[in-house]
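The values are calculated or read from the model by the stated rules, or taken from the named source; none is laboratory data. Keep in mind that what you see is a predicted model, and the values were worked out from it rather than measured. Positions of Cβ are backbone-derived with ideal geometry, glycine not excepted, and every protein chain shown enters the neighbour counts. Note: accessible area is taken over every heavy atom of the protein model, side chains too, but ligands, DNA and RNA are not part of it. Shrake-Rupley method; radii C 1.70, N 1.55, O 1.52, S 1.80 Å.
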Amino acid sequence: MALSDKTILEVKNLRTHFFTDEGVVKAVEDVSFSLRKGEIIGIVGESGSGKSVTNLSIINLIQSPPGKIVGGEVIYNGEDILKMNEKQLRQIRGAKIAMIFQDPMTSLNPFLRISTQMIETIQLHQKLKRKEARKRAVEMLTMAGIPAAEERINDYPHQFSGGMCQRVMIAMGLSCNPEILIADEPTSALDVTIQAQILDIMKKLTQEFGAAVILITHSLGVVAGMCDTIYVMYAGRIVERGTTEDIFENPIHPYTRGLIHSVPRLDKEGTERLFSIPGQPPNVIDLPPCCPFFPRCDEAMEICKTSCPAEKDYGNGHAASCWKGGE
């Protein structure tokens, strides 16, 4: 499917903080990106980098207290989601912007049949009668690769494997023809073989329905064959952005290079240990005004320890926040 020039989502200078007894956790700090119709973007980074909080902020699902969106805009089709009331948000969530959460086994209600959970969602947003909504649910389950969907729709979540539950979540997410699908670590709880199947199903279905996708993951291996554009997050900020080709062929930020080198390679011979970025992600409470990655960076310079680099454009939408840059 050819990418459209139409921008359907624009995140501008988003800032989400959590106010705790230990201090203010700046989970998302000045994050900006855009999403075009039909585009698949990947937001990549280690646990705690701010990926999931960014996407919960997009649909205004930050629990308050302790969390609060303290700045920025999320423009969806010309309207700021962050200024919408609860009624307006309910009309968008699920119907226009759907989300697949990280663990399908806990996202589905264990006390309700799959039919109940899917049919209620479809009836709410599509305004269909129960019989029509059930037919739609069965069609989506079949498309998502659930065998004997007509019978399996009556089962409870515990009667499905983790991979099958994730297929149910994908079917549920796409059942109302959303314009945007947010997938938060959709393969993290699955084995490698099932991961590939789930990603393949997601790509095929989103292309068929014309949905744009925001894929959140800690693995650059997952986004390699899936995404058009990649955003690399660290310590609540986007440190590099670019097309998938640019990110893999010419990674500029040392953190991006570290993530790429930590992906297992089938084309490499030998038994050398897999690369690991040294150290731990920083505590984002009261971060000093410097590059947050410098304690873990083997290319750090003196300026990295005293000043935070601004984003530099390297052409074709490829940009990075690094003092050394593409040297």
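Bridge orientation summary for the chain: considering DSSP beta bridges with both residues in this region, about 60 percent are antiparallel.
Where the only charges are on Cβ atoms (+1 Lys, Arg; -1 Asp, Glu), what is the dipole of the chain about its Cα centre, to the nearest 20 debye? Working shown, then result.
Details: 35 positive and 40 negative charges, 261 e Å.
My answer is approximately 1260 debye.
Which of Asn283, Asn316, Asn13 moves the most in a Gaussian network model of the chain with Cα springs under 10 Å? Of the options given, Asn316 has the highest mean-square fluctuation. Split the accessible area of the chain by element, probe 1.4 Å, and carbon with sulfur accounts for 50%.
In the chain, taking the dipole from charged Cβ atoms about the Cα centre, the farthest positive-side position among Pro104, Leu14, Val263 is held by Pro104. Rounded if a/c is under 1.5, else prolate if a/b is larger than b/c, else oblate: which is the stretch 128-199, with a ≥ b ≥ c the root eigenvalues of its Cα gyration tensor? Oblate shape, in that a/c is at least 1.5 and b/c is the bigger or equal ratio. Across the cross-link table entries Lys51/Lys312; Lys6/Lys131; Lys203/Lys312; Lys51/Lys129; Lys68/Lys135, which are compared at the Cα atoms, the separations over 29 Å belong to Lys6/Lys131; Lys203/Lys312; Lys51/Lys129; Lys68/Lys135. For the stretch 194-255, the Cβ-based charge dipole about the Cα centre amounts to some 220 debye (Lys, Arg positive; Asp, Glu negative; other atoms uncharged). The stretch 237-266 and the stretch 77-93 have their alpha-carbon centroids 34 Å apart.
For the stretch 87-181, divide the Cα radius of gyration by the Kirkwood radius and give the resulting Rg/Rh value with two decimals. Computed over Cα atoms, the ratio is 0.94.
Rg and Dmax of the stretch 213-314, based on Cα coordinates, read 14.6, 44 Å. Rg over Rh for the chain works out to 0.98, both radii taken from alpha-carbon positions and Rh defined as the Kirkwood radius.
Taking all protein chains as shown and a probe of 1.4 angstrom, Lys129 keeps an accessible surface of around 150 Å².
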